[in-house]
Amino acid sequence: MAKTVRPGRAERVATLPPRERILDAAEELFHSEGIRGVGVQAVAERAGTTKAALYRHFGTKDELVAQWLRIVAADYVSAFDTIEERWPDDPRAQIKGVAAFVADTLSTLTHRGCPFVNSLAELPDRHHPARQVIEAHKARQLRRLTAMCTAAELTDPEGAAAELTFALEGAQVSAQNGSVDHIAERLTTFVESLLAWHGAKGSPAPSGPPSHRS
């Protein structure tokens, strides 16, 4: 049987329409080299097109960055949708599923880490369109976590969702800087402890705060 060979990037990207080629190049360059370190000429050359074509499709570099981050955010939305569809009547399983999704992605993070965290560091202007994409995405994600915690009848759904957010985002940053070992396992254990700590409405709280085993 003939061995199937996955097309290389050049071969794969060559089949894409110009707009998608530009986005593919932007994703690769912005993630690996940062937003400020990459000019539109570099993106155009990587995409095999021209600056004029890039501006025709996106108008400005700022809008290209925003569109790239919309695609990244859409991946997270899709993951949450899949998790809710898999456990439609079990919000606790959904919460654990979100933690498992993040834990699974930790091993694929490069030294560049989370594109949202990196982009925020490079975009101090709160009115930048890309920063607004990130803030809207994070607010939407917190609302979904809060809804899961409410459906799970946790004692403090807003507080639990905030703590989950701290844990999920902290795990990603720790994976990027290498400060903590066994991050995926620690994250999973922490979320289990958090669920136990908040318990169910009407149930007594445990005698101590959420913890994780070493």
* Asked: Considering the dipole of the stretch 59-176 built from charges on the beta carbon (Lys and Arg +1, Asp and Glu -1) around the Cα centre, which of H128, A167, A73 is farthest to its positive end?
  -> H128
* To do: Might you report the magnitude of the Cβ-based charge dipole of the stretch 88-177 about its Cα centre, with Lys and Arg at +1 and Asp and Glu at -1, to the nearest 20 debye?
  => 280 debye
* Determine the share of the stretch 114-156's accessible area contributed by carbon and sulfur atoms, expressed in whole percent, with a 1.4 angstrom probe. => 57 percent
* To do: Provide, for q = 0.22, 0.31 Å⁻¹, the log10 of I(q)/I(0) from a solvent-free Debye sum over equal Cα point scatterers in the stretch 33-85.
  => -0.81, -1.19
* Net charge, T49 excluded, C-beta distance under 12 Å - Lys, Arg +1, Asp, Glu -1 -> +2
* Mind ranking 95-102, 48-55 by how tightly packed they are, going by the mean number of other C-beta atoms within 10 angstrom, highest first? => 95-102, 48-55
* Under 13 Å from K96, Cα to Cα: aspartates and glutamates that are on another chain or at least 8 residues apart -> E84, D104, E185, E192
* When all protein chains stay in place, what accessible area (Å², nearest 10, 1.4 Å probe) is found for S107? -> 100 Å²
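The values are calculated or read from the model by the stated rules, or taken from the named source; none is laboratory data. Model, not experiment: these values are computed from the prediction. We place every Cβ from the backbone using ideal geometry, glycine too, and count neighbours over all the protein chains shown. With ligands, DNA and RNA removed, areas are computed over all heavy atoms of the protein, side chains included. Shrake-Rupley method; radii C 1.70, N 1.55, O 1.52, S 1.80 Å.
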